[in-house]
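Worksheet for the structure shown next.
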């Protein structure tokens, strides 16, 4: 193995492997380190939006789409839960995404990275220090080995050890807990699409990960400890929101295997590294997985980093590109999870708008796919949906003569108006108060 490299990549998950491959394709030598090769077996990102697929194709990895069972992913289906028909939200212009079990994606990317002569892969190997000379500990021998590389790329996840060694604070905030459950031999209501449903405990995301398997992602509040301990209670909170075949498959799954739980966290994407160390993927920041944007944003980090002239140029590019996807994730999660009447009104207005407006469906999916990251697009969508909800709710209260309640309702909807305003202010990130870490 070489003793000097152009680039050292910390973390061999999907983003770290993509970064290693991208630099190797430019003729640069790469040291790829992975502290825990089995970490890929955990419940983690499995959906890639069209913007991420485009970058995979740019890296010569477009044939990864062949791993997608039952064809490409064409968008999402929203289930209002009010007895009305589901709403099909397709990606614009025929674009498609992919989804597959996390470890299959990582295993294939690692295989391709290791096959490239420019890449030296070492595992297990944990970064031990950045100063005065960067080094890692070889997990097999216990020896500390110096890293001789011109630049370091940290792709070691939301609990990034590299970030800590840089002296950057952990500004992440816990949001909720999510259970990852595999359903066997069940059909989705509309194949080729992800599905978003409103459960009693929290939003539900479902998508296919194999020819005979569907992933069910169940979001529950952090305070709902009983649902994490008692599978019967979890089933009772979730099953009423599911189509009958999926509810039956869930009952079978809960009897045969335990749910894979993970804590969902938020950290705003504002710090992209320091000196010759660049952060990518969840090491930069993370959002709630309801919008499934994590891997796609990480791939966009890799694309921007490889094309940037220096670290400052990389940070400048990605702060602008990641702002709207981050706000969209926070806004949609608040709309789907907040039980208060104003959030319910906005959620219903969103469903009504999607159902009646092809233009709004297209705009929403361009934002979700991260192919349109303009703040003006986000602001336009949110304003139209929010204004429609406020007008309907306030109008009903005024007709019924509830004047005191009308003032309170107007105040509640006024708080939501900060979302479209944030979209119009360049560089500004709207972060809900409950997602702000102490000191932010």
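Measuring how big the chain is from its alpha-carbon positions, Rg and Dmax come out at 22.3, 79 Å.
The Cα center of the stretch 93-122 and the Cα center of the stretch 194-240 differ in position by 28 Å. Report note on the peptides 184-193, 79-88, 2-11: ranked by the mean count of other C-beta atoms within 10 Å, highest first, their order is 2-11, 184-193, 79-88.
Considered as an equivalent ellipsoid built on the Cα gyration tensor, the stretch 174-265 has semi-axes of 20, 14, 12 Å, the largest given first. What separates the Cα centres of the stretch 388-438 and the stretch 336-372 is a distance of 15 Å.
The GNM of the chain, with springs linking C-alpha atoms under 10 angstrom apart, assigns the highest mean-square fluctuation among 246, 398, 327 to 398. Equivalent ellipsoid of the stretch 338-435: semi-axes from √(5λ) of the C-alpha gyration tensor, largest first, are 25, 17, 10 Å.
Note on the stretch 283-302 and the stretch 14-54: Cα centroid distance 13 Å, given to the nearest whole angstrom. Note on residue 4 and residue 143: their simple-model spin labels are 2.0 nm apart, each label 7 Å out from Cα toward Cβ.
Of the residues 243, 14, 259, the one that moves most in a GNM of the chain with alpha-carbon contacts below 10 Å is 243.
Remark: relative contact order (the stretch 174-265) = 42 percent; criterion is Cα-Cα distance under 8 angstrom and separation of 6 or more residues. Multiplying the residue separation of residue 276 and residue 407 by 0.36 nm and subtracting their alpha-carbon distance yields 41.8 nm. Structural descriptor for the stretch 1-106: relative contact order 28 percent, calculated from alpha carbon pairs under 8 angstrom and at least 6 residues apart.
Normalised by the number of residues in the stretch 338-435, the average gap of Cα pairs under 8 Å and 6 or more apart makes the relative contact order 31 percent.
Calculated mean residue ellipticity, 222 nm, the chain: -13000 deg cm²/dmol, from DSSP H runs (n ≥ 4) at -39500 (n - 2.57) each, averaged per residue and rounded to 500. With one equal scatterer per alpha carbon and no solvent term, the Debye-computed log10 I(q)/I(0) for the stretch 125-230 at 0.12, 0.13, 0.16, 0.18 1/Å reads -0.71, -0.76, -0.85, -0.89. Each of residue 150 and residue 374 was given a label point 7 Å from its Cα along the Cα-to-Cβ line. The distance between the two points is 3.7 nm. Fewest neighbouring Cβ atoms within 10 Å first, the residues 127, 297 line up as 127, 297. Between residue 126 and residue 191, the modelled label-to-label distance comes to 4.5 nm, taking each label 7 Å out from Cα in the direction of the beta carbon.
Only the coordinates and a few stated rules stand behind these numbers; no lab work does. All figures in this text were calculated on a predicted structure; none of them were measured in a lab. No Cβ is skipped: glycine too gets one built from the backbone with ideal geometry, and neighbour counts run over all protein chains shown.
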